[in-house]
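Here the structure comes first, spelled out in structure tokens, and everything after it is commentary.
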Amino acid sequence: MLAAESEKCVLKYDRRLFDIEKQLNILRYLNPVNTRKEKEKFLRAYTEGKSYGPIFEYESCGPEVGAFCRELKKIREKLEYCNDSVFAPFCIKKINYLLRFRELLTHRDSPDFGSELSAFYGTPSKSLLQEARKNLEDLKDGRVEKNLSPEDIRGVFEKELKRLGLEWEVRPADGGGVKIAVNAACNEIHIDFSALFSEAGIKGYLCHEIGTHVFRAENGKFQPLMLFRSGFPGYMETEEGLAAYNEAKNGVLVPENLRKYSARIVAAAICNEASFSDIVDELADNFPPEEAFTFALRVKRGLKDTSLPGGYTKDCAYLSGFRKVNDFLQKQPSEQEALKILYCGKVGLRHFQLAKDLLAEGILKQPRYLPEANLPYRAFSVAHN
């Protein structure tokens, strides 16, 4: 399937493309540096019945970002000559994505920035929004005691990573309304050390973060291109959908998480007309103010003035991806074999046939880590600090 000569150019630039993407670290410029201060201001005003729109501050892009972008354009020029390459078009799409995002950040001060950002990532369909609202209506807020500290969670994650023989580091999260996140490029799991966690949800976090994000990244390391580790263009919806699917399949998709995914859809759906405060008000009937703040933060991050329309709508991927992955796997002759293909690295459903063909030809290696085989969904006993 692959013409060996046509892939030499791609292999020449593959590692460098991975390194540039790693150093650019898009979320670094999306997550506010003053979240805690603005959260305190907002919640104080909220309890007093007043409206306050957070004004967020961000790390500025240094001159190295411009240098990276210039290098990306040069790599793109080289790859455009690889006419017979299977992988070159995917690398070019990734470069175009990084350059477009950088372009967006150059006019963050524009009142149209939020709308451009939401147009870039898209907004949820009407049917998805209806599903999300129904979930919020039907799934009661069964309060679970959040009695685990981030240090408790750190201990569980470090123990599981050690058991699996994976050299990943657990580090503090850097804001953006994320309780736990994976940075696959750096082999890091980030935990919000200002948050509390429920013991009921711990298996879900292991299934989501390690059983999906970490495992797919680890399997991607053994493939011929770093693209399988960093992610094919448009892989994210499948990535998050597969994580939610794994939670559901293993009986650890607790109502708390499904309500969370649904709230993100609602926030993304209304962000083009709603301010930060409007989003909190919209979700106030279903969540306490502090949680509603987090949903608004996730969709309005990137904006300085959060009273303006638009936002970072990537969070649609969780529920929409869950729906698509579930529908796709239900139609496969063998769910287990289909999952092996999806676990060869960070590929999307749109890349499934390509990955399947490459595996059949022996160009891709079979995945080493699969959630059912490697994660023991047992009742973890957590020693409280």
**Efficiency of FRET between Glu361 and Lys159 - r from beta-carbon atoms, R0 45 angstrom, step 0.05** = 0.70
**Request:** Using a cut-off of 13 Å between beta-carbons, work out the net charge of the residues near Leu105 (Lys and Arg +1, Asp and Glu -1, Leu105 not included).
**Result:** +2
**Complete:** Note: the chain, point scatterers on Cα, Debye, no solvent; log10 I/I(0) at q = 0.09, 0.12, 0.13 Å⁻¹ equals -0.54, -0.98, -1.16
**Message:** How much of the DSSP bridge set in the chain is antiparallel, in percent, rounded to the nearest 5?
**Reply:** 60
**Prompt:** Please identify the GluC sites (Glu not before Pro) of the stretch 262-331 that satisfy two criteria: DSSP loop assignment and at most 13 other Cβ atoms within 10 Å. Which are they?
**Reply:** Glu273
**Asked** For the pair Glu71 and Phe352, how long in nm is the line joining their label points, each one 7 Å along Cα→Cβ?
**Response** 3.7
**Prompt:** Mind checking which of Leu253, Leu117, Leu358 has the largest fluctuation in a GNM of the chain, springs on alpha carbons under 10 Å?
**Reply:** Leu358
**Fill in**
For Lys260, the lysines lying under 23 Å Cα to Cα, once residues fewer than eight places off in the same chain are dropped, come out as Lys39, Lys126, Lys134, Lys140, Lys146, Lys179, Lys203, Lys249, Lys300, Lys314, Lys324
**Request:** Could you grab the Rg to Rh ratio for the stretch 278-375? Cα atoms only, Kirkwood for Rh.
**Result:** 1.16
**Asked** Does the stretch 97-209 come out rounded, prolate or oblate by the C-alpha gyration tensor, with a ≥ b ≥ c the root eigenvalues, rounded set by a/c under 1.5 and, if not, prolate when a/b is larger than b/c and oblate if not?
**Response** oblate
**Request:** Count neighbours as other Cβ atoms within 10 Å of each site's Cβ, and list the chymotrypsin sites (Phe, Trp or Tyr not before Pro) in the stretch 78-186 that are DSSP loop with at most 11 such neighbours.
**Result:** Tyr81
**Message:** Only Cα pairs within less than 10 Å get springs; with that Gaussian network setup on the chain, which residue of Gly114, Gly201, Gly211 has the largest fluctuation?
**Reply:** Gly201
**Item:** Förster radius 22 Å - calculated FRET efficiency between Glu372 and Glu167 (Cβ-Cβ, nearest 0.05)
**Value:** 0.45
**Fill in**
Sorted by chain and number, the residues with a modelled amide H under 5 Å from that of Val170, at a separation of 5 or more or across chains, are Ile189
**the chain, relative contact order in percent, only Cα pairs under 8 angstrom and at least six apart counted** = 23
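Pairs of Cα atoms under 8 Å, at least six residues apart: use those to get the relative contact order of the stretch 280-351, whole percent.
That works out to 16 percent.
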**Message:** I'd like to compare 234-243, 64-73: which one has the highest average count of other Cβ atoms within 10 Å, and what's the full order after that?
**Reply:** 234-243, 64-73
**Request:** Have a look at Glu218, Glu151, Glu116 and tell me which one the Gaussian network model of the chain (Cα, springs below 10 Å) gives the largest fluctuation.
**Result:** Glu151
**Message:** Give the residue list of trypsin sites (Lys or Arg not before Pro) in the stretch 316-362 that are DSSP loop and have at most 14 other beta-carbon atoms within 10 angstrom.
**Reply:** Lys331
**Request:** Just grab the label-to-label distance for Ala181 and Asp281, each label 7 Å out from Cα along the Cβ direction, in nm (one decimal).
**Result:** 2.9
**Prompt:** What residues of the stretch 247-261 lie in the reach of a label at Lys140, counting those whose backbone N is under 15 Å from a point 7 Å from the Cα along Cα→Cβ?
**Reply:** 255-256
**Prompt:** Karplus couplings for the stretch 62-75 from phi (6.51 cos²θ - 1.76 cosθ + 1.60, θ = phi - 60°), rounded to Hz, Gly and Pro as x?
**Reply:** x, x, 5, 5, x, 5, 4, 5, 5, 5, 4, 5, 5, 5
**Item:** Rounded to 5, percent antiparallel among DSSP beta bridges of the stretch 76-231
**Value:** 55
**Request:** Return the FRET efficiency for the residue pair Glu337, Ser60: r is the Cβ-Cβ distance, R0 is 45 Å, and the value is rounded to the nearest 0.05.
**Result:** 0.40
**Fill in**
Dividing the surface of the Cα convex hull of the stretch 205-249 by four yields a projected area in nm² of 2.9
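Laboratory data are not the source of any read-out in this text; all were calculated from the coordinates shown. Just so we're clear, the structure is a prediction, and the values are computed from it rather than from any experiment. Cβ coordinates were reconstructed from backbone atoms using ideal geometry, including for glycine residues, and neighbour counts include every protein chain displayed.
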